[in-house]
Amino acid sequence: MSEKLKIGVTCYPTFGGSGVIATELGLAMADRGHEVHFITSRLPVRLQSHPLADVSFHEVNTYTYALFQHSPYDLALASKMAEVVETYELDLLHVHYAIPHAVSAHLAREMLGGKLKVVTTLHGTDITLVGNDPSLYKITKFAIDSSDAVTAVSHWLREETEREFHPTVPVQVVRNFVDTNEFTPHSDDALRGKRHCRGESPQLIHVSNYRPVKRGPDAIEIFNLVLKHTDARLLMVGDGPDLSTAVHKARHYGIFDRVSFLGNREDVACLLAASDIALVPSENESFGLAALEAMACGCAVVTSNVGGLPEVVRDGVDGFMCNVGDVEQMAARALELLRDPARLSEVKHNARQRAVETYDIDKVLPEYLAVYNSVLGRQDVPLTAAAR
């Protein structure tokens, strides 16, 4: 490599899609010889499963003071950003989520005399939920307009951002991605995921953070209708505020023994590889990473026809798109596949091919690298082969 980049990454260190993409992107850049520093409140979830990764982690510690009703995390983050940038002579900060990360990055840049470059990636609710709050609208627009480059994870999200905020900085679409070597139907660990089945029952799966926008309890509604016509099992992966509602529904319908509530897991890939159909009944998705990871593992998907999901899932090819909240239609589509093994096999194959040919990490990384080089005024820095 002729010249490596020094990149700071800030994200929410959770199981959510923005944190997953930010971490995987940082790991991939480090694998290819670039220097990567994560600046977050705690070790990102996906980084925990790669303890030997050649990246640095810098924890943001908040200050407790009697006059502070809430610890000023955004200020502590800005201070840590400036410290890490100055100490390690970073070229740029890549922040995921406009609020508060892009604002903190702007403060860090001001502390450093305005020389720091900032790339902001919008992931969805920072625009559609947080940014739309009247009390946060102006600072969200400021965060976007103060960035040197702004990316959105889907064309739908770019259009929403332009419609709501009329940004002065062009919003570029850089799609989310998946490592199709990790998320694969041929995982050696897939048999471990099958242990949740009973006999040869087909397996359905729902993976989310169980926020209301994900409509996790709808997966139980769908599965209850499916069980009226065929035998199957359902895996519910993740945790969040709506999980207790989903558990209650499973007990109410008398199907609790057919559902495995697994909580947050790091072995999602093997669970997906062992499943046949992924249920993604979300109220909205700016992209639909859960659907893409399922597709990469050879799962057919039954999803809502909203947001960025139609850009990922081809209706009738990789799975089926249904109206939000129409659990009857989603159950009917799932049954259509379960009753026709040949059709199910075809759709699962199509889903895997779609993920490999369009959304593999090696196809998307050059797009992010081009953004970095553009804001730095550099010629393209080539990627080297992954070490991981």
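The values are calculated or read from the model by the stated rules, or taken from the named source; none is laboratory data. Keep in mind that what you see is a predicted model, and the values were worked out from it rather than measured. Cβ sites come from the backbone with ideal geometry, for glycine too, and all protein chains shown count toward neighbours.
In segment 289-304, the qualifying residues are those that are over 17 Å from residue 124 (Cα atoms) and in a helix (DSSP H, G or I), and the one that is nearest to the chain's Cα centre (by Cα) is 293. No other residue among 98, 152, 108 is over 23 Å from residue 306 (Cβ atoms), assigned by TED's automatic domain parsing to the domain that holds residue 365, small (Gly, Ala, Ser) and surrounded by 22 or more Cβ atoms within 10 Å (Cβ to Cβ) apart from 108. One residue stands out among those in segment 192-220 that are assigned to a helix (DSSP H, G or I) and among the β-branched types (Val, Ile, Thr): the one that is modelled with the lowest pLDDT, which is 213. Taking the listed residues 346, 311, 266, the one that is out of contact with any strand residue (DSSP E or B) (no Cβ under 8 Å at 6 or more places or on another chain), assigned to a helix (DSSP H, G or I), of a type outside the set (A, V, I, L, M) and closer than 24 Å to residue 124 by Cα is 311, with no other qualifying. Here is the figure for segment 221-238: residues that are surrounded by 18 or more Cβ atoms within 10 Å (Cβ to Cβ) and either free of Cβ contacts under 8 Å to residues at least 12 places away in the same chain or assigned to a loop (DSSP other than H, G, I, E, B) (or both) total 2. Segment 1-110 holds helices (runs of 4 or more DSSP H) entirely within its bounds, and those carrying 2 or more residues that are modelled with pLDDT of 90 or more and farther than 21 Å from residue 176 by Cα map to 73-88.
Of 242, 257, all but one fail to be surrounded by 18 or more Cβ atoms within 10 Å (Cβ to Cβ) and free of Cβ contacts under 8 Å to residues at least 60 places away in the same chain; the exception is 242.
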